[in-house]
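Heads up, the thing below is written out as structure tokens.
The values are calculated or read from the model by the stated rules, or taken from the named source; none is laboratory data. Remember, predicted model here, so these are calculated numbers, not experimental data. We place every Cβ from the backbone using ideal geometry, glycine too, and count neighbours over all the protein chains shown.
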Amino acid sequence: MSDQKRTFIATASAGLEGVVKRELQKLGFEDAKAELGGVRFTATLEDAFRACLWLACADRVLLIVAEGNVQSFEDLYQLVLRAPWKTYLPKDAQIPVSGRCARSKLMSIRDCQSITKRAIVDNLQRAYRTQTLPETGAKFQVDVAVHSDVARLTLDLCGEALNRRGYRTWNGEAPLRETAAAALVKLSNWRTEEPLHDPCCGTGTLLIEAAFLAAHRAPGLTRAFAMEKWPCVDKSALHALREDAKAQYDPSLIPEISGSDIDPEALKLAKRHIVQAGLGGKITVFEKDLRDLQLEKENICFLSNPPYGERLSDRKGCEALYRAYKPLLSRHPGSRLNLITSHPGFERVAGLKSIKKTRLYNGRLECEFMRFAPLNAHFERKK
Ligand SMILES: C[S@@+](CC[C@H](N)C(=O)[O-])C[C@H]1O[C@@H](n2cnc3c(N)ncnc32)[C@H](O)[C@@H]1O
């Protein structure tokens, strides 16, 4: 593929667009621009593979093949027909088409999907001068998204979504997605050389993502991406990028990272995930009720995703747990707390006042991620 720059969008869940923009800029994609649900950037196709390997908080990386105003199905057909599909799709490409419509004249997702498919097939039949497209080759997932009468046609570079790092085999009861966990680590006030503890660690996602960040481990290092099978891509360039990512991984940079939980079954999964992430011996987890937790160190960064008490029947127990966070901080001088919950009254119930809040989604739940200073910070500042 040529050095030509193309436009991509790294999709992100609501509230995380700014985090993903900063990630892209740090990777050298300086023109990264946040919009609702994602961040646009330009790159060569091969260089976009770097985004696939390294983005910790984005959901997918999509190549924008065509974009334009559509008032009718005929407009959509013409937009898709004119797009440069042959640049990317070989004669035998598998072409599944997904679709989404919102606030537009075209609101039938099914019709948008089938018109898109028909136009791509017509385009390729003309381009390859053939009537038969066997669809037996590499997969090119096309998405047609129509929003406010603008249709965006994309190809998905990833295959499985980026949260599928490959270390989680079973999800536990209320797991945090890997991409959301990585975002919390980045939004927290943790400096990667400091000890970190998750007192409600569940299946260990926050711990693993924190270790990846500290060790400069590309989140996608050991998984495959759809674009690696595309004939239009220079495989040696992708190989070089993966080798470079391997060379950057340095597990010796991982500080003391630990977790505890009251549920032995969740801890079993956490242990399995830690090993599957290649982090055996680098993260410790143990069974402990947060109310009795006493670590033999100070100046810890606590990072926590406790139960939210979404069901009314769970709310009392959950609030009793929230009241235990202040004593936890008192028992660990100099330690800070970072916590996510959808419970609107966490600060009131816990008797703690956050220094920073970020609104974001955990799945469908609107949550707040809060940062709390050490309990003695005010006192120390006065001295
Ligand atoms: C929302 S889940 C955490 C999920 C985790 N972030 C993950 O990715 O799997 C909340 C966790 O808090 C734990 N928990 C509830 N009460 C606790 C307590 N008193 N002490 C310690 N852990 C507790 C639950 O067992 C559960 O694993």
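Quick look at the values:
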| quantity | calculated |
| --- | --- |
| Which numbered condition residue 255 misses (of (1) outside any strand (DSSP E or B); (2) over 20 Å from residue 165 (Cβ atoms); (3) within 16 Å of the ligand (Cβ to nearest atom)) | (3) |
| Residue count for segment 153-175, restricted to those that are among the small types (Gly, Ala, Ser) and either touching a Cys at 6+ places or on another chain (Cβ under 6 Å) or at pLDDT 95 or above (or both) | 2 |
| Residue list for segment 202-211, restricted to those being more than 6 Å from the ligand (Cβ to nearest atom) and outside any helix (DSSP H, G or I) | 204 |
| Some residue of segment 113-128 being away from the ligand (no atom under 16 Å from the Cβ) and either assigned to a loop (DSSP other than H, G, I, E, B) or in contact with an Asp or Glu (Cβ under 6 Å, 6 or more places away or on another chain) (or both) | no |
| Pair list, Cβ under 9 Å, 6 or more apart: segment 293-321 residue away from the ligand (no atom under 12 Å from the Cβ), other residue charged (D, E, K, R) and assigned to a loop (DSSP other than H, G, I, E, B) | 294/288; 297/256; 299/194; 300/194; 300/256; 301/191; 301/194 |
| Selection from segment 322-350 of residues that are more than 25 Å from residue 257 (Cβ to Cβ) and within 12 Å of the ligand (Cβ to nearest atom) | 323, 342, 343 |
| Selection count, segment 361-376, where residues are farther than 12 Å from residue 339 by Cα, of a type in the set (A, V, I, L, M, F, W, C) and not in a loop (DSSP other than H, G, I, E, B) | 1 |
| Set 150, 185: member being away from the ligand (no atom under 16 Å from the Cβ) and modelled with pLDDT of 95 or more | 150 |
| Residue list for segment 285-325, filter: in contact with an Asp or Glu (Cβ under 8 Å, 6 or more places away or on another chain) and polar (S, T, N, Q) | 299, 304, 305 |
| Residue match in segment 367-377 (condition: touching a residue at least 24 places away in the same chain (Cβ under 8 Å), among the acidic types (Asp, Glu), surrounded by fewer than 17 Cβ atoms within 10 Å (Cβ to Cβ) and assigned by TED's automatic domain parsing to the domain that holds residue 186) | no |
| Residue in segment 63-75 that is surrounded by 14 or more Cβ atoms within 10 Å (Cβ to Cβ), under 20 Å from the mean Cα position of the chain (by Cα) and at pLDDT below 95 present | no |
| Residue 168 being in contact (Cβ under 8 Å) with a residue 24 or more places away in the chain, within 28 Å of residue 44 (Cα to Cα) and part of a loop (DSSP other than H, G, I, E, B) | no |
| Options 237, 247; residue that is touching a residue at least 60 places away in the same chain (Cβ under 8 Å) and more than 14 Å from the ligand (Cβ to nearest atom) | 237 |
| Positions within segment 328-348 being crowded, with 20+ Cβ neighbours inside 10 Å, out of contact with any Pro (no Cβ under 8 Å at 6 or more places or on another chain) and farther than 21 Å from residue 298 by Cβ, in sequence order | 340, 343, 346 |
| Residue match in segment 283-294 (condition: of a type in the set (S, T, N, Q), assigned by TED's automatic domain parsing to the domain that holds residue 343, surrounded by 14 or more Cβ atoms within 10 Å (Cβ to Cβ) and touching a strand residue (DSSP E or B) at 6+ places or on another chain (Cβ under 6 Å)) | yes |
| Among (1) away from the ligand (no atom under 11 Å from the Cβ); (2) under 25 Å from residue 50 (Cβ atoms); (3) in contact (Cβ under 8 Å) with a residue 60 or more places away in the chain, the one test that residue 195 misses | (2) |
| Hits in segment 192-217 (condition: polar (S, T, N, Q) and surrounded by 24 or more Cβ atoms within 10 Å (Cβ to Cβ)) | 203, 205 |
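Condition check ((1) in a helix (DSSP H, G or I); (2) away from the ligand (no atom under 16 Å from the Cβ); (3) under 30 Å from residue 368 (Cα atoms)) across all residues:
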{"site": "219", "(1), (2), (3)": "no, no, yes"}
{"site": "233", "(1), (2), (3)": "no, yes, no"}
{"site": "269", "(1), (2), (3)": "yes, no, yes"}
{"site": "285", "(1), (2), (3)": "no, no, yes"}
